[in-house]
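Peer 1: Just dropping this structure here.
The values are calculated or read from the model by the stated rules, or taken from the named source; none is laboratory data. Quick caveat: nothing in here was measured; it's all calculated off a predicted structure. Positions of Cβ are generated from backbone atoms using ideal geometry, with glycine treated the same way; all protein chains shown enter the neighbour counts.
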Amino acid sequence: MRVLFCIHSLAGGGAETQARIIANSLIGLGCDVGFFYVKGVELDEGLRYYRCREGAYPLGLVSEIRKAIIDFKPDLVHAWVPATLNISTLIASRLCGVPAISSIRNRRQFDSALRVFSFLTTVALAKKIVTNNPIEQSASYYQWLYKIKKGTQINNAVSVNLADFEPAHTNIFTIVYVGRLTRQKNVKLLIEALASIRSTSRWQLLIFGKGEEESALQRLALENEVTKQIKFLGYDSDLGNIFRKADLLILPSLYEGMPNVVVEAMAYGIPALVSNIPAHTLLFKNSEVGFFTSNDKMSLGDQIAKYMNGGVNVQQQLQMARTFVDAHKPIQIAQEYKNLYQNMIDQN
């Protein structure tokens, strides 16, 4: 089986990381995998790479992808992200007579003209849909698309290196947030909730990430007089370093795709407290993570206090989380993709 992945970047985001994990695991399952990409670094041996010619993005994408398909001769093509790559990949695949599968990697709605065009192209040209998150949280027309394309949900794989990981807990309760600093992630709520309990507990918040809300969040910490307890540490790709001092991971998002960082924390033995949005409640059981009412400062503060004061059986939660992690190892998730691809090829 030969599969061509089409994606914008080879480094940085969750989709890019998952694509590389799955591609390498598919090679271990006897598949040939190629990557068409626009920017990034070719890190993995065993993969065939096709880089978009400089200046050809985005208007020349169809021609560039078509050349990659003709050279690689895949049995199918997998369009990842973003919308420009999805549109161009589906058109190029149809021109070459190769079946294509399209990805939904987050909650979807018609939030731009490009998104509408991508949706219509997917309706017309995609053979199948695969999503890493519950389609129920997307708009009704995406749910309809998922139904008519007989979509499949395949969760993200968990790939962490625990070899040199040594926890280094202190007598200060350490909360970690990892992710982009954007409105979607709702870090503002986390700072406000912690500020409300600052006088009753010893805690610190380590924020790993960058984004357009960073300055506003720093001002919020200053206004709430918690700048000594909150550290903005920027982007860090070393998960061991991120979780070494952590007592609790919190993800207060307003919406999500599949939250990789929660599963990574589980793998490192760090409990997680998350908002009760559909992406979380449909993925995790209450015994695997803690939940608080989405966008509710009081609910979040109450749950944080329970973790700080021993009101949560953390060891039991982590035991259940380990079962979840074991079911999401790369080779197992890659096998799900291989089965999906094979069914597509057989039906073509």
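Peer 1: Looking for whichever is among the charged types (D, E, K, R) and crowded, with 22+ Cβ neighbours inside 10 Å here; the options are 108, 115. Which one fits?
Peer 2: It is 108.
Peer 1: Could you look through the range 266-300, keep only residues that are part of a helix (DSSP H, G or I) and either of a type in the set (D, E, K, R) or at pLDDT 95 or above (or both), and pick out the one that is surrounded by the fewest Cβ atoms within 10 Å (Cβ to Cβ)?
Peer 2: Of the residues in the range 266-300, the ones part of a helix (DSSP H, G or I) are 266-267, 278-281, 297-300.
From what's left, either of a type in the set (D, E, K, R) or at pLDDT 95 or above (or both): 297-300.
On the way: 297: 19, 298: 11, 299: 17, 300: 25.
By that ranking, first place goes to 298.
Peer 1: Can you find even one residue in the range 128-148 that is of a type in the set (Gly, Ala, Ser), at pLDDT below 95 and under 17 Å from residue 263 (Cα atoms)?
Peer 2: No; the residues of the range 128-148 include none that is of a type in the set (Gly, Ala, Ser), at pLDDT below 95 and under 17 Å from residue 263 (Cα atoms).
Peer 1: Another question, then. For residue 168, are the conditions met, namely being surrounded by fewer than 20 Cβ atoms within 10 Å (Cβ to Cβ), assigned to a loop (DSSP other than H, G, I, E, B), without any contact (Cβ under 8 Å) to a residue 40 or more places away in the chain and outside the structural domain of residue 108 (by TED's automatic domain parsing)?
Peer 2: When the stated conditions are applied, residue 168 does not pass them.
Peer 1: Right, something else. Looking for something at pLDDT below 95, in contact with a Ser or Thr (Cβ under 7 Å, 6 or more places away or on another chain) and closer than 30 Å to residue 160 by Cβ - is there at least one such residue anywhere in the range 30-37?
Peer 2: no
Peer 1: Still on this structure, I have one more. Can you spot a residue in the range 17-37 that is of a type in the set (D, E, K, R), surrounded by fewer than 15 Cβ atoms within 10 Å (Cβ to Cβ) and in contact (Cβ under 8 Å) with a residue 12 or more places away in the chain? Outline the logic, then answer.
Peer 2: At the first step, the residues of the range 17-37 found to be of a type in the set (D, E, K, R) are 20, 32.
Subsequent filtering for residues that are surrounded by fewer than 15 Cβ atoms within 10 Å (Cβ to Cβ) retains none.
Within the range 17-37 (the criterion being of a type in the set (D, E, K, R), surrounded by fewer than 15 Cβ atoms within 10 Å (Cβ to Cβ) and in contact (Cβ under 8 Å) with a residue 12 or more places away in the chain), the answer is no, since none of the residues qualifies.
Peer 1: I would also like to ask the following. Quick one: would you say residue 189 is under 28 Å from residue 323 (Cα atoms) and either out of contact with any helix residue (DSSP H, G or I) (no Cβ under 6 Å at 6 or more places or on another chain) or modelled with pLDDT of 95 or more (or both)?
Peer 2: No, not satisfied.
Peer 1: Specify the residue that is nearest to residue 337 (Cα to Cα); the eligible residues are those in the range 118-147 that are surrounded by 19 or more Cβ atoms within 10 Å (Cβ to Cβ) and among the hydrophobic types (A, V, I, L, M, F, W, C).
Peer 2: The residue in question is 130.
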